[in-house]
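Just passing along the structure, written as structure tokens.
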There are 2 protein chains.
Amino acid sequence: MSEEHKPVADDVAKHNAKMAKKKAARDKIMATKTDEKGLVIVHTGKGKGKSTAAFGMIFRNIAHGRKCSVVQFIKGGMSTGERDLILDKFGDVCSFHTMGEGFTWETQDKSRDIEMAQAAWAKAKEEILDESNHMILLDEINIAIRYDYIDINDVVAFLKAHKPHMTHVVLTGRNAKEELIDAADLVTEMELVKHPFRSGIKAQIGVEW
Amino acid sequence: MSEEHKPVADDVAKHNAKMAKKKAARDKIMATKTDEKGLVIVHTGKGKGKSTAAFGMIFRNIAHGRKCSVVQFIKGGMSTGERDLILDKFGDVCSFHTMGEGFTWETQDKSRDIEMAQAAWAKAKEEILDESNHMILLDEINIAIRYDYIDINDVVAFLKAHKPHMTHVVLTGRNAKEELIDAADLVTEMELVKHPFRSGIKAQIGVEW
């Protein structure tokens with residue numbers, strides 16, 4: 001420990017008292033949080049980490065041996081690393097359905113995009129209804145909703161009426177609709193503060209895919 | 001496909017033209033992004049997903065068989081799922097160092113916290129200097145920096161002088177200091193929009209840990 005970091009006794013006593021107070025306050029708040037229920041979780045915003053954090057939660061469930069399922073609405077062609085790892089090692093715990101055909105500006109075929117989005121939504125409903133699943137990730141569904149390939153009212157109505165009480169459903173993608181945010185329990189907006197693309201750095205293995 | 005979603009031919013042609021234009025614009029932009037380099041990546045903000053997205057990137061590297069390392073500065077006592085999974089299945093690809101002793105208001109011992117944070121930082125430097133690592137995650141280091149357990153100037157100077165060119169370093173935790181944001185290539189702020197704790201829901205398996 002460097003000299004400047006060495007605390008003096010008074011400082012330590014003051015710090016410890018402050019921390020004890022913080023801990024007591026926190027314990028009091030946490031004691032009121034007693035309910036458990038399956039959450040509707042939304043990751044949106046223009047920043048990075050929406051799908052990555054959602055996949056992190058999927059790996060968290062896998063780590064606990066809890067059955068889960070991923071339905072990819074848009075196949076980015078990039079974030080295939082997680083898919084390969086899940087299919088390879090954890091296929092028994094987590095099912096994986098890639099229904100999309102690439103970003104819409106890559107496919108350039110609207111009727112096919114709509115068909116794919118509808119098929120993905122049908123698969124999503126099936127996975128949500130399966131009570132053995134603890135978490136279902138609907139990756140990039142917000143893109144399909146935004147283009148009206150899937151009706152937001154259908155999605156919200158289905159979640160309200162049919163999501164099993166203890167099942168978590170995670171919906172990702174930018175431009176989440178207000179109706180979805182209203183219906184969600186946990187919403188995080190990933191905000192872009194600084195991006196290396198601006199300095200000419202391309203998408204890289206291990207970061208973007 | 002439902003009747004209302006069936007596109008008419010004109011609509012499709014218009015859409016396809018628009019998407020072709022979008023794709024051309026995007027391809028043009030992407031063609032200018034040709035460089036590769038190891039990034040300094042920061043996840044900050046009050047929202048969820050900072051560590052989860054960082055662990056998602058670690059799993060992405062594991063998926064590609066790329067060696068990586070995690071140094072946890074604060075042991076939350078909660079997000080142990082990922083650690084167990086990594087230690088259990090991927091110890092050959094990813095090393096894992098939990099140096100923290102719990103949140104500061106849990107330990108209530110400032111001199112011990114400082115010692116732990118300094119030890120974690122020493123381990124972090126060692127892992128960063130090891131060029132066989134493609135990515136190093138410094139989980140919750142921002143908390144240790146915020147309390148001045150680690151000097152922000154030391155961190156920034158070390159990254160600038162010693163980070164190998166192709167190594168990615170990910171630093172997480174709320175209240176990232178300005179100096180770190182200035183030094184980073186990619187910064188995402190996870191913003192809290194809605195949180196279920198407000199309605200009395202407790203931290204749950206598969207979501208929070």
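Scan the stretch A:108-137 for residues that are at pLDDT 85 or above, in a helix (DSSP H, G or I) and within 12 Å of chain B (Cβ to nearest Cβ) and jot them down.
Matches in the stretch A:108-137: A:ILE114, A:GLU115, A:MET116, A:ALA117, A:GLN118, A:ALA119, A:TRP121, A:ALA122.
Hey, which of the helices (runs of 4 or more DSSP H) in the stretch B:27-107, taking only ones fully inside, have at least 1 residues that are modelled with pLDDT of 85 or more?
Filter on the stretch B:27-107 gives B:50-63, B:80-90.
When you look at B:GLU178, is it more than 7 Å from every other protein chain (Cβ to nearest Cβ) and without any contact (Cβ under 8 Å) to a residue 24 or more places away in the chain, yes or no?
For B:GLU178, the condition - more than 7 Å from every other protein chain (Cβ to nearest Cβ) and without any contact (Cβ under 8 Å) to a residue 24 or more places away in the chain - is met.
So, one more: Kindly provide the set of residues from the stretch A:160-194 that are in contact with a Lys or Arg (Cβ under 8 Å, 6 or more places away or on another chain) and not hydrophobic (A, V, I, L, M, F, W, C), ordered by number.
Result: A:HIS162, A:HIS165, A:THR172, A:GLY173, A:ARG174, A:ASN175, A:LYS177, A:ASP185, A:THR188, A:GLU191.
Determine whether A:ASN153 is within 17 Å of the chain's Cα centre (by Cα) and loosely packed, with under 15 Cβ neighbours inside 10 Å. Talk me through it step by step, then tell me what you get.
On the way: within 17 Å of the chain's Cα centre (by Cα): no; loosely packed, with under 15 Cβ neighbours inside 10 Å: yes.
Here the answer is no, as A:ASN153 does not meet what is asked.
Name, by its number, the condition in (1) at the interface with another protein chain (Cβ under 10 Å from one of its Cβ atoms); (2) within 30 Å of A:ARG26 (Cα to Cα) that does not hold for B:ASP185.
Only one criterion is unmet by B:ASP185, namely (2).
Give the residue, chosen from A:GLY173, A:GLY206, that is surrounded by 15 or more Cβ atoms within 10 Å (Cβ to Cβ), more than 8 Å from chain B (Cβ to nearest Cβ) and within 25 Å of A:HIS97 (Cα to Cα).
Numbers: A:GLY206 fails: more than 8 Å from chain B (Cβ to nearest Cβ).
After ruling out the rest, the residue left standing is A:GLY173.
Go through the stretch A:25-62 residue by residue and tally those that are surrounded by fewer than 24 Cβ atoms within 10 Å (Cβ to Cβ), hydrophobic (A, V, I, L, M, F, W, C) and at the interface with chain B (Cβ under 9 Å from one of its Cβ atoms).
Total meeting the criteria: 4.
Can you name the condition, by its number, that A:VAL193 falls short on among (1) touching a residue at least 40 places away in the same chain (Cβ under 8 Å); (2) under 27 Å from A:ASP109 (Cα atoms)?
It fails just one condition, (2).
I would also like to ask the following. So A:GLU140 clears everything in (1) acidic (Asp, Glu); (2) at the interface with chain B (Cβ under 8 Å from one of its Cβ atoms); (3) touching a residue at least 60 places away in the same chain (Cβ under 8 Å) except one condition, right? Which one?
With (1) acidic (Asp, Glu); (2) at the interface with chain B (Cβ under 8 Å from one of its Cβ atoms); (3) touching a residue at least 60 places away in the same chain (Cβ under 8 Å) applied to A:GLU140, the lone miss is (2).
So for the stretch A:110-131 (the condition being open to solvent by 20 Å² or more (accessible area, probe 1.4 Å), without any contact (Cβ under 8 Å) to a residue 40 or more places away in the chain and within 23 Å of B:GLY49 (Cα to Cα)), does at least one residue qualify?
Among the residues of the stretch A:110-131, not one is open to solvent by 20 Å² or more (accessible area, probe 1.4 Å), without any contact (Cβ under 8 Å) to a residue 40 or more places away in the chain and within 23 Å of B:GLY49 (Cα to Cα), which makes the answer no.
The values are calculated or read from the model by the stated rules, or taken from the named source; none is laboratory data. This structure is a prediction, so every number in the text was calculated from the model and none was measured. So basically every Cβ, Gly included, is an ideal-geometry build from the backbone, and we count neighbours across all protein chains shown. These accessible areas exclude ligands, DNA and RNA; they are computed on the full protein's heavy atoms, side chains included. Shrake-Rupley method; radii C 1.70, N 1.55, O 1.52, S 1.80 Å.
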